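Notes to accompany the following structure.
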Amino acid sequence: MPQGPIEVADDVYWVGIRLPDDRFQCHTYLIRNGTESVLVDPGSILTVDAVLERVQQVQPLDSIAYLVCHHADPDVAGSLSVLADRLPRPDVQVVSEWRAAALLKHYGHPYRYWLVEEHDWAVPLGGDRRLEFQLTPYLHFPGAMVSYDTATHTLFSADLFGGFVPDNTVLESDDVEYILDAARPFHQHYMPSRELLTAGLTRIQQRWRDIERIAPQHGHVITSAAVNGAFEGLKSIDCGIFTLADADIDLQHLLHISEARTGITEALLTSADPIALVAALNRVLDDAEGNYRCALFIDVPDRGWTMWGWGGSRAALRPPPDHVPCVDIPGSPAAKLCLHAPDEADSDQELLTMLRSLAPTIRPVIDEYLEDHEQARRESDLRRAAFTDPLTGLDNRRALEERVPSGTYALIALDIDHFKAVNDSNGHAAGDSVLSQVAASISDAIRDNDVAYRIGGEEFLVVLPDADSHSARVVAERIRARVGALDLVGLSPTGRITMSAGVIAVTEAETTHFASMSSRADAALYTSKQAGRDRVTVAV
């Protein structure tokens, strides 16, 4: 165990004291700078006597002009209450930020404050040397800051890079894994979130690009070879895990939840639709405790409640039942992310808390899906309008041209007999009504896989896949009978109407000649007309 001050850089000394059986060692540093020397984080009531003894081994106590307090915790600033009796100079100033100063005064010290925000975030130390400061809010104190000695390129990192010390005989280290192993549990407990931690570390790197060592308040002094690795490693640590809990529960469980949160956050950045999102979420939950699965429920406009998940199914449902634990996703339309444990275990409240915190970030995925869904619906409506006869609701000639039949099939060409007399005697509104009722009769008479088209005027065509001439004639006779049975009093001069039909069966060898086959069906229809109408003719 070190018994005296240790010079960690030119005129920069570690002057702390190792307390027995204390893994949370606190470090104090002295910047020797003549009569303008600096004591960085002077320490607590428990360490102040030993710290001052070690300072005196380097230079007299009356050389100290500044006491830097990176934050107001008692382990680094509690000694302010007694330093007035130990330091001979009355003009010593406490270097702090206003939020920390508001608390430091409660130690009852007599010193004036050097508020860094009022002095260009620096303390001049003579010549080109400055002690510069950077705010690192909420890491772990609202007004926390770090400082940088421009002469030695030393970063005094306060709680950042601090750790629980497994070996109090080691002060300096260049072993990144060893440093991070000590830092990880400390940051998991004390730092609020990885996002804040990463942002704070990035700002430090951007401001001071030539950091040669890191001197934290706890843990190990990090030497030049490990500086970059320590920065990048610290950014990967999951922090703020206790924000996931309503009570102080098992740390290992919270770490699983924290890892799940990280995975879910990454999934949200890469998932573009509910199917991909739920699949990604469930992959993450597979690695978490509890064997949970999740499902996403969305009240989709024009479709109703739809579910993604729990076996990969997607079906219109009522809202999820009340007994299923769910998290509401803010925004409109309503959406819920729900959990299910196959073993019917109790709900994991910490997992629900984590999902609740992430719920707002799921809304953009939902909104993008709904926008795509609406766009697809509009396109479908436009396509349906383009390929549908607006009067009868049957497909039109353009639809037939888009999907010309192939393989073996049959055609029925249909035409209403004496339709002109309907329009001439009762008007076009009556004609439209007759056309609509005839189209409905055709639709009712054909098979499920047959397709009826209105070709134009009073002309219709039915395509019958995998049909021969006999079965096609049966369908045509059924159509003719149903149309003939319609009650059209007030619409047709006789109150009835008849249809003529022509049928042709197409073999697979003839399938490439649809236009020719259609013409032959029309010819058979013409034969029916010539033979007296209200009949079916099969082409030979």
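The values are calculated or read from the model by the stated rules, or taken from the named source; none is laboratory data. The structure displayed is predicted, hence computed values, not measured ones. Using ideal geometry, Cβ is built from the backbone for each residue, glycine included, and neighbour counts are taken over all protein chains shown.
Numbers below:
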read-out: Residue pairs meeting the criteria (Cβ under 8 Å; at least 6 apart or on separate chains; first closer than 17 Å to Ser443 by Cα, in region 469-498; second among the polar types (S, T, N, Q) and assigned to a helix (DSSP H, G or I)); value: Ile479/Ser441; Arg482/Ser441; Val483/Ser441; Leu486/Gln437; Leu486/Ser441
read-out: Residues located in region 482-531, provided they are surrounded by fewer than 16 Cβ atoms within 10 Å (Cβ to Cβ) and assigned to a strand (DSSP E or B); value: Val489
read-out: Residue within region 60-76 that is among the acidic types (Asp, Glu) and touching a Lys or Arg at 6+ places or on another chain (Cβ under 6 Å) present; value: yes
read-out: Residue check for Gln25: of a type outside the set (A, V, I, L, M, F, W, C) and surrounded by fewer than 16 Cβ atoms within 10 Å (Cβ to Cβ); value: no
read-out: Residue check for Gln93: surrounded by fewer than 20 Cβ atoms within 10 Å (Cβ to Cβ) and touching a Lys or Arg at 6+ places or on another chain (Cβ under 9 Å); value: yes
read-out: Matching option when the condition is in contact with a strand residue (DSSP E or B) (Cβ under 8 Å, 6 or more places away or on another chain) and on the phi < 0 side of the Ramachandran plot, among Val540, Val483, Val474; value: Val483
read-out: Single residue of region 63-87 satisfying the filter (modelled with pLDDT of 95 or more and more than 49 Å from the chain's Cα centre (by Cα)) that is surrounded by the most Cβ atoms within 10 Å (Cβ to Cβ); value: Ile64
read-out: Region 348-401 - residue that is crowded, with 16+ Cβ neighbours inside 10 Å and of a type in the set (Gly, Ala, Ser) and, of those, modelled with the lowest pLDDT; value: Ala359
read-out: Members of region 28-43 that are crowded, with 24+ Cβ neighbours inside 10 Å, assigned to a loop (DSSP other than H, G, I, E, B) and at negative phi; value: Thr28, Pro42
read-out: Subset of region 444-468 [on the phi < 0 side of the Ramachandran plot and surrounded by fewer than 16 Cβ atoms within 10 Å (Cβ to Cβ)]; value: Asp444, Arg447, Asp448, Asn449, Pro465, Asp468
read-out: Only listed residue being in contact (Cβ under 8 Å) with a residue 24 or more places away in the chain, on the phi < 0 side of the Ramachandran plot, in a loop (DSSP other than H, G, I, E, B) and surrounded by fewer than 17 Cβ atoms within 10 Å (Cβ to Cβ), chosen from Val170, Val165; value: Val170
read-out: Sole exception among (1) in contact with an Asp or Glu (Cβ under 9 Å, 6 or more places away or on another chain); (2) at pLDDT 95 or above for Glu212, by number; value: (1)
read-out: Entirely in region 92-154, the strands (runs of 3 or more DSSP E) that have 2 or more residues that are over 43 Å from the mean Cα position of the chain (by Cα), in the same structural domain as Gln206 (by TED's automatic domain parsing) and in contact (Cβ under 8 Å) with a residue 24 or more places away in the chain; value: 93-96
read-out: Cβ-Cβ under 8 Å pairs, at least 6 apart or on other chains, region 444-462 side farther than 13 Å from Ala413 by Cβ, far side of a type in the set (Asp, Glu) and crowded, with 19+ Cβ neighbours inside 10 Å; value: Val451/Asp395
read-out: Verdict on Asp487 being within 20 Å of Tyr453 (Cα to Cα), of a type outside the set (A, V, I, L, M) and assigned by TED's automatic domain parsing to the domain that holds Leu435; value: no
